[in-house]
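Throughout, read-outs are computed from the coordinates displayed, never taken from laboratory work. Remember, it's a predicted structure, so these values are computed and weren't measured experimentally. Cβ atoms come from the backbone with ideal geometry, glycine included; neighbour counts cover every protein chain shown.
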Ligand code: SF4
């Protein structure tokens, strides 16, 4: 039970997820202690370096240009702005900065060069740097690696079956392709999903099959609870119950023992008792800062109070893997190839996404 397996089946994972809760918690906590310090939790800061205006149709996302939401879009931040925010994050206990840009995919050019410079700058601050920029090619992943990127995030979101009910502008295999491109470099993989989008328990298990059968498994798996934003196709979804969150975290911990399991979006809806249960079940990272890209998140001081109350310590950077070296732009071995990742264009339409788009059109 304690060895990392890459052949989990949906039935086995469902069996774990549906165990009596006390048994599930005990199993997850036991595995957690074997592989991690149970009193250490990584604090990561998520920065939206380019907000809104995305051409994709992800049903949960307020940054999709086609929906009418109240988010304020912004162009790509400057390297100096990012550095200032990273320093602030470091002084309040963060050891990782995750930079998110609302792009379908990375395009070689001035903006990507600017992101590479952000990666170099944060890596020199001795913080782990993660990026989530949409689909990337192998060459682009190599360029990020060379700049000193520690992790690349690209979520699978749900099971392959339910993914088709949420996103129609690209396929599941495109997500896997980007993860594969990242795997060809020394950058670690961060990939997880969202619960509470209307999926069945089988879909949650299906997502964990897809992630746990990757070899190697992702070093980091964020588990998000949907934050239903007005104007998005999923605006009417009810908040996910804490029991579902705890079960999902515990099951993730059991099937991916070495992975850093991240308690991500949806923490504002959770009590401290609920979060404590998630830490006991194997969650060992939170995102700090009052916003998670565009949705609310607990205040950093509140989080530090919670850490004190629970006797938790923020994790230091680079304890799982050495700090990558940074190669300066002028010494780079990788030229921009001007390539675009290839992606499938699924034919299907998602009714609720179409409705939300029409509603937004009428309001504009
Ligand atoms: S989740 Fe990412 S790819 Fe999807 S619409 Fe939002 S910003 Fe675009």
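Using the number of other C-beta atoms within 10 angstrom as an exposure proxy, rank 304, 22, 248 with the fewest first.
Working: 304 16, 22 8, 248 28.
If I rank by nearby Cβ atoms, fewest first, I get 22, 304, 248.
At 222 nm, what helix-only mean residue ellipticity would the chain give, in deg cm²/dmol to the nearest 500, using -39500 (n - 2.57) for each DSSP H run of four or more? The partial results should precede the final answer.
On the way: 12 runs with 136 residues, N = 364.
When only DSSP H runs of four or more count, the value is -11500 deg cm²/dmol.
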Sorted by Cβ density within 10 Å, fewest first, the residues 170, 120: 120, 170
Segment 142-187 shape via C-alpha gyration tensor axes, a/c threshold 1.5: prolate
Segment 45-122 and segment 209-254: distance between their alpha carbon centers, rounded to Å: 22
Antiparallel DSSP beta bridges within the chain, percent to nearest 5: 10
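Once the Cα gyration tensor of the chain is found, what semi-axes does its equivalent ellipsoid get, as square roots of 5 times the eigenvalues, in whole Å, sorted largest first?
28, 25, 21
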Rg/Rh for segment 42-184, where both radii come from Cα atoms and Rh is the Kirkwood radius: 0.96
Prolate/oblate/rounded label for segment 168-250 (Cα gyration tensor, a/c 1.5): prolate
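Would you kindly work out the equivalent ellipsoid of segment 236-335 from its C-alpha gyration tensor and give its semi-axes, the square roots of five times the eigenvalues, largest first in whole Å? Before the final figure, lay out each step's value.
Values: eigenvalues 176, 59, 52 Å².
Calculated on Cα positions only, the semi-axes equal 30, 17, 16 Å.
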Rg/Rg_globular for segment 114-237, with Rg_globular taken as 2.2 N^0.38 Å and Rg from C-alpha atoms: 1.12
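For the residues 214, 208, what sequence is obtained by ranking on other C-beta atoms within 10 Å, fewest first? Present the calculation step by step, with values, prior to reporting the outcome.
Values: 214 17, 208 29.
Ordered from fewest to most neighbouring Cβ atoms within 10 Å, 214, 208 come out as 214, 208.
Between residue 332 and residue 70, what FRET efficiency follows from the Cβ-Cβ distance if R0 is 45 Å, with the result rounded to 0.05? Each step should come with its number before you reach the end.
On the way: r = 40 Å, r/R0 = 0.89.
It comes to 0.65.
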